[in-house]
Amino acid sequence: MSELKILTKRAGLPDSVKIDTYLANDGYKALTKALKEMTPAQVRDEVLKSKLRGRGGAGFATGMKWDFASKNTTKPKFIVCNADEGEPGTFKDRVILKFDPHALLEGMAIAAFAVDADHGYIYIRGEYPEEAQILMDAVKEAEERGYLGKNILGSDLSFTITVHRGAGAYVCGEETALIESLEGSRGQSRIRPPFPVNSGYRKLPTVVNNVESLSCVPHIVLNGGAWFAGIGNPECPGPKLFSISGAVEKPGVYELPMGVPLRELIETAGGMKDGKAFKAAFPGGASSACMDASEIDTGLDFNSLAAIGTMLGSGAVMILDETADMVKAAYVLTRFFDHESCGKCTPCREGLTWVKQVMAGILEGKGTEEDLDLLLDICEQIQGASFCGLGDASVNCVTSTIRKFRGEYLNYINKEPRVRAASGEKS
Amino acid sequence: MSVQELFSDAELKSIQEIASRYEEPGSALMPLLHYVQQIRGYLGEDEMAFIADFLGITRVRAYEVATYYTLYYTKPRGRHTIQVCRNLSCTLAGAEGIVDFLKKELEIEVGGTTADGMFSLVEVECIGSCDKAPAIMIDGDHHGPVTPESLREILNTYRGKP
Ligand SMILES: Cc1cc2nc3c(=O)[nH]c(=O)nc-3n(C[C@H](O)[C@H](O)[C@H](O)COP(=O)(O)O)c2cc1C
Ligand code: SF4
Ligand code: FES
């Protein structure tokens, strides 16, 4: 399948971050069209028709979110762009932030028009200082040229954007934790409902959307929702930025239609590294259940992956080859979740530490077969009783590797203690 | 301690400018902590207290926030901080070997600072450079894929930097 050049069409151009490059390549045409030729309801309608689903991980219909937000007339109202990009294996938003920042700004301004919002925030992960500066420079340029600020292009829309840096906490990618963090608190998840569209930043209506979701919007406005809906899997369509890493020749970000089979994504990324055989993939980052070789022809989209018990998430595809150690892989991911648990609820906070310890014991050669049942049991409890998506998704790596690669666990259990044990590492 | 001793006039101006970006005072807390850390290297108690008072929030809140996030440091550290990613794609590409190499080369443990105060070494989770695994960050710069040989050179370039 050939690569698309929609979201990435400007990324390779010289000076692609500059507003002049952007303007010379269809930039701010969609915003102009929306403001001059469309009503907010028409914009929302096109986004609904596009069937765009959130690219941050949860896959919620963007048009629906905007409809909810437009119905709440409390002011002021906010657009918050989630540029936290914390899911391990994800580096696709970075392509837009670093090479096409105005696409995001334009998408946010259109969103503001569509839901009648007053101010925008881009919450960008602390590990992207260079990208944060690029965004700040882009906001300044857009303000100078009248694409952000008061009465944009002579319309009634007044809207500008503040760039806000995170400081290294994965859970702050979760939208309610992100809002807590934006308010200057420890970023811990809030109970939903109320949802941010009704009570978000400063308890005011807030639309939280991912970088890639917002960057799809100018294309939808310019070309129509039906055009967008015609790309890829008709049920959950559109172009998609896949981050692929691990055992492939050319790890990177590839823009392909939703629903591209995993096998073709791997081929696009140059095939398996050193010609090794494919063993497994985590298609949606650390949060997703792993796929094995029998599932390599599954389409990468929300529905097809849900149908085989895993998920697309942010489209972070991590590839493992025949030499990979699945128990070690699951341990590394568990250690990550244990480290990132915000500590608000007990199942996630205590459960993950326990899972990590049992996993470490297995890696050290001290495990028993009963440990596998114990692990599945703790995982079930974490999954059922957690407060936010972090806890829910955290154990997918463990349960899926036990189910699909039980033999590798048994190898550890029935073998001599290993010299290099993972448990000696600090968490 | 008086304000004059903590921050220069120019620094105070920057602090005011950052705070003025937000209607909600609390929202300026994280940007101000970033700023103080950038100019001082870490977040001292007096500085945190000053920022809290300046914003009209409790000091304990500033401290809670500073200790919650991985990228804030409340203790002095080396001039340059090396963050080695230990998440999956980097581990698959040999991140453990990178950590071992750095420990030997710098003669410190993870969490430690070299005797000359030049480098601190920490392990972190995915930094969004998985296509360049094994990846590291030094201060705000991403590097990868790194090898022991390339690391020696990279470290040398930082030895000359402020
Ligand atoms: C633990 C956790 C981490 C998340 N991290 C991110 C993230 O880094 N970026 C993101 O856009 N969404 C992230 N999300 C999803 C957000 O909660 C939210 O659904 C999303 O930002 C909404 O935007 P979208 O509908 O455009 O995808 C995360 C969710 C959870 C539970
Ligand atoms: S599930 Fe985990 S991360 Fe989410 S609120 Fe509970 S403790 Fe925090
Ligand atoms: S796994 Fe190391 S940078 Fe993402």
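Values quoted throughout were computed directly from the atomic coordinates according to the rules given, and no laboratory measurement underlies them. This structure is a prediction, so every number in the text was calculated from the model and none was measured. Please note: Cβ atoms are built from the backbone with ideal geometry, for glycine as well, and neighbour counts cover all protein chains shown.
Key figures
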quantity	calculated
Shielding by other protein chains, B:80-91, mean Cβ within 10 Å	6
Global form of chain B, assessed from the alpha-carbon gyration tensor, a/c cut-off 1.5	prolate
Point-to-point label distance, B:T147-A:N25, nm (Cα→Cβ direction, 7 Å offset)	3.3 nm
Residue-wise HN-Hα coupling along segment A:234-244, computed from phi with Karplus coefficients 6.51, -1.76, 1.60 (Hz; x: Gly, Pro)	x, 6, 9, x, x, x, 9, 8, 9, 9, 10
Exposed GluC sites (Glu not before Pro) absent - longest run of chain A, DSSP non-H/G/I/E/B, at most 14 other C-beta within 10 Å	A:4-234
Amide proton proximity set for B:T81, modelled H, under 5 Å, gap of 5+	B:S120, B:D139
Average partner coverage of A:240-249, which counts Cβ from other chains inside 10 Å	3
Free-standing Cys, chain B [no other Cys Cβ under 4.7 Å]	B:C126, B:C130
Euclidean distance of C-alpha centroids, segment A:210-227 and segment B:85-162, integer Å	39 Å
Distance violations [Cα-Cα > 31 Å] among A:K65/A:K250; A:K140/A:K203; A:K9/A:K51; A:K356/B:K103; A:K65/A:K404; A:K36/A:K140	A:K65/A:K250; A:K65/A:K404
Three-way shape label, segment A:48-91, alpha-carbon gyration tensor, a/c 1.5	oblate
Peptide-level mean, for A:67-73, of C-beta atoms on other protein chains within 10 Å	0
Relative contact order (%) - chain A, alpha-carbon pairs under 8 angstrom, separation at least six	16 percent
³J(HN,Hα) computed for each position of segment A:172-189 - Karplus, 6.51 cos²θ - 1.76 cosθ + 1.60, integer Hz, glycine/proline x	5, x, 5, 4, 6, 5, 4, 5, 4, 5, 5, 7, x, 10, 4, x, 10, 5
Approximate shape of the protein assembly as shown as ellipsoid semi-axes (Cα gyration tensor, √5λ), whole Å, largest first	36, 31, 23
Percent of Cα pairs exceeding the 18 Å cut-off, where the set is segment B:3-68	25 percent
Extent along principal axes [Cα atoms of segment B:80-159; Å; largest to smallest]	33, 22, 21
Segments B:69-80, B:132-143 sorted - mean Cβ within 10 Å per residue, highest first	B:132-143, B:69-80
Most mobile of A:G351, A:G275, A:G59 in a GNM of chain A (Cα contacts under 10 Å)	A:G275
Under 5 Å, built H, 5+ apart or other chain: amide partners of A:L300	A:G259, A:V260, A:L262
HN-Hα J in Hz across segment A:24-40 - Karplus 6.51, -1.76, 1.60, θ = phi - 60°, x for Gly and Pro	6, 10, 6, x, 6, 5, 5, 4, 4, 4, 4, 5, 9, 10, 10, 9, x
